[in-house]
There are 2 protein chains.
Amino acid sequence: MNGLKKKEKMHISPINKPQIFITMGDPSGIGPEIVLKSLDKPDIWDLAIFVVIGDGRVFKETASLTGFKKCLAVQDVDQTSEGKVFLHEGALNILDPVSFVGDFEPGKPTSLGSKKALACLKNAVQFMKGLPETEKKALVTAPLSKEYIAEIFPGFVGHTEYLRDAYLSEFVTMVMVGDMFSVVPITRHIPLKDVAKNINKQIIKRTLLQVLENRRLISGKENPVIGVCALNPHSGEGGKIGHEEIDIIEPAVEESKKFYDNLMGPVSADTIFYYAYKKQVDIVVSMYHDQCLPPFKMVNFDRGVNLTLGLGAIRTSPDHGTAFGIAGKNIANSESMEQAIKVALRAM
Amino acid sequence: MNGLKKKEKMHISPINKPQIFITMGDPSGIGPEIVLKSLDKPDIWDLAIFVVIGDGRVFKETASLTGFKKCLAVQDVDQTSEGKVFLHEGALNILDPVSFVGDFEPGKPTSLGSKKALACLKNAVQFMKGLPETEKKALVTAPLSKEYIAEIFPGFVGHTEYLRDAYLSEFVTMVMVGDMFSVVPITRHIPLKDVAKNINKQIIKRTLLQVLENRRLISGKENPVIGVCALNPHSGEGGKIGHEEIDIIEPAVEESKKFYDNLMGPVSADTIFYYAYKKQVDIVVSMYHDQCLPPFKMVNFDRGVNLTLGLGAIRTSPDHGTAFGIAGKNIANSESMEQAIKVALRAM
């Protein structure tokens, strides 16, 4: 316990600061490094109590690597320890799921590492669920390898879907938050041939409602301009290139305007991203993945933040992978992780 | 004839310069203005003999407006005058289809203006077809309103399709040429729901062949890097999000590599545009309109050049419309038209 006294019970937010839970991700990836680099920034550290769910030894070694000098308050936890941990102010609280102990080497992913990464995610959800609803909290997830996790946990396709199931969420929205603009794909990881048949008024309206409710969190502005993409080229040209704009998107956008005025669409995608690039549109709600991610990543590669709406708590993550190839070298760029934490802090 | 002597027959290229044919576009739009502004640039004017097919009076008025001082050699033409005109060196040759005479006011499009714009396009094709195949020539089209043209010529959907039919072309490829990178949508103005069923090995291979053959024209480089997009998000993730990558795109790209090495793909769209933005990929061949036009226009809005491959001659145009609202005010930006002419000159 590093000599620290047990000050606070987990469910009491000390000195009225929000609580940010951060999962380690794959212990052999750059997760631990970018977490510590981010938490070393005063404009982050001073704003919340941070709880990392991860491997104590890995974080101690990483602290040596990056020169992280703050106290590490490591506590062992297991799946029954819900509510039994205490948070230390002024220290980095590390909750270590001890059921998975082993050597984790940077750049050398193992099955045990995947198991530990998954245990961290599982524990994080358990702890967050144990907190009262009124508590200000958010989850930030460091990258793990979904391919490796899927080997030990078949069916795992990513954080978003795991958390949706863990929170029994009926409807989640994925947002990519960027410096210049943010994007929201209404349909996500489905074949292109299935996109049109998955677009309907209900999915557009539900997505828009979650976006409207979280517009400040997404954009950092009180009244961001929100634009909705058409499905077809040139917004269908009045029905000549597809009818979904007239039949589905236009009515859905019109009906959603009763909740928020500063909403436009459907606008053809090759026009709206120009507006977004010129900062005239803050949030682009798009019909499918490859309509919005290419322009977004073009100007935000490795700097975007993945934000999930519709869970029991706000969840963000950096928009990059485990980067096993550069792990353990103290050369990983923590910018996206810092942004992920800052976006989570907007929810507080 | 402005005192100029009849020097050269149309089919003889004077002083070994290439011939660039430029259509006026809608006489009430910004076409005439951006044409003259472009031709006033020494880095354009000195490189070719320019033949404008347009209204003589409109161009004289526009010359007063923009301060264009070069001699205008206006000749009347009609649909039977093929081969009977003469080109003047040192002057701007204007061929005026006289069947359509009238008052054309900037900013006030009329049915007669549309008829004249269409006559100019028709005449341009006739003249170019009359030239020997060995002659260096290219067509640059100024913007017209396809909605207005469609009213007098039902079925008109745009320059590209008109020229495809006029040239009896079996297969044309549309390219958007930009400063940083160029894009080629394999399918174009079709509903999104029909994209997947229109993607097959043949269309990919034919497009790639036209792109490979014209790679210098498109990119200005001898050996540009050409990247081919996947159809599905994340390039299908090995078959988990669609099979077209494995079944269609991968084999088509592999087979095309025998013609050109510097070809990669399929690459997921949200990765390849980042490479393109970083100038690591020069030409992105994409499966559909909204996969490539949004990132392209985001950084090339109103500056891109539309290039059509597969006609009897190279054809380029600026990537913007008639801009009736600012016509006749001498405030139109000619940058995209200048680029369109410069790309056409690359073909010479």
Verdict on A:S145 being polar (S, T, N, Q), buried (at least 19 other Cβ atoms within 10 Å of the Cβ) and within 14 Å of chain B (Cβ to nearest Cβ) = yes
Checked A:A276, A:A327 against criteria (over 12 Å from A:G227 (Cα atoms) and aliphatic (A, V, I, L, M)); the one match is A:A327
State whether the residues of the range B:314-327 include one that is farther than 27 Å from B:K205 by Cβ and of a type in the set (V, I, T).
-> yes
The correct count of residues that are within 12 Å of chain B (Cβ to nearest Cβ) and open to solvent by less than 10 Å² (accessible area, probe 1.4 Å) in the range A:271-292 is 12
Is there a residue being within 22 Å of B:S317 (Cα to Cα), in contact with a Phe, Trp or Tyr (Cβ under 7 Å, 6 or more places away or on another chain) and at pLDDT below 90 anywhere in the range B:78-86?
-> no
Across the range B:208-242, what is the number of residues that are within 14 Å of chain A (Cβ to nearest Cβ) and exposed (fewer than 15 other Cβ atoms within 10 Å of the Cβ)?
-> 3
Does the range A:179-202 hold any residues that are more than 9 Å from chain B (Cβ to nearest Cβ), surrounded by fewer than 19 Cβ atoms within 10 Å (Cβ to Cβ) and either at pLDDT 95 or above or more than 23 Å from the chain's Cα centre (by Cα) (or both), and which are they?
-> A:N198, A:N200, A:K201, A:Q202
Output the residue which, of all residues in the range A:299-342 that are among the hydrophobic types (A, V, I, L, M, F, W, C), modelled with pLDDT of 95 or more and part of a helix (DSSP H, G or I), is surrounded by the most Cβ atoms within 10 Å (Cβ to Cβ).
-> A:M337
Go through the residues of the range B:252-265 one by one and say whether even a single one is at the interface with another protein chain (Cβ under 8 Å from one of its Cβ atoms) and open to solvent by less than 40 Å² (accessible area, probe 1.4 Å).
-> no
Hey, among the residues in the range B:313-325 that are of a type outside the set (V, I, T) and over 15 Å from B:L217 (Cβ atoms), which one's nearest to the other protein chains (Cβ to nearest Cβ)?
-> B:D319
Qualifying residue in the range B:154-161 (condition: without any contact (Cβ under 8 Å) to a residue 12 or more places away in the chain and of a type in the set (D, E, K, R)) = yes
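The values are calculated or read from the model by the stated rules, or taken from the named source; none is laboratory data. Remember, it's a predicted structure, so these values are computed and weren't measured experimentally. Every residue, glycine among them, receives a Cβ derived from its backbone with ideal geometry; neighbour counts consider all protein chains shown. Just so you know, the surface numbers come from the protein's heavy atoms only, side chains and all, with ligands and any DNA or RNA stripped out. Shrake-Rupley method; radii C 1.70, N 1.55, O 1.52, S 1.80 Å.
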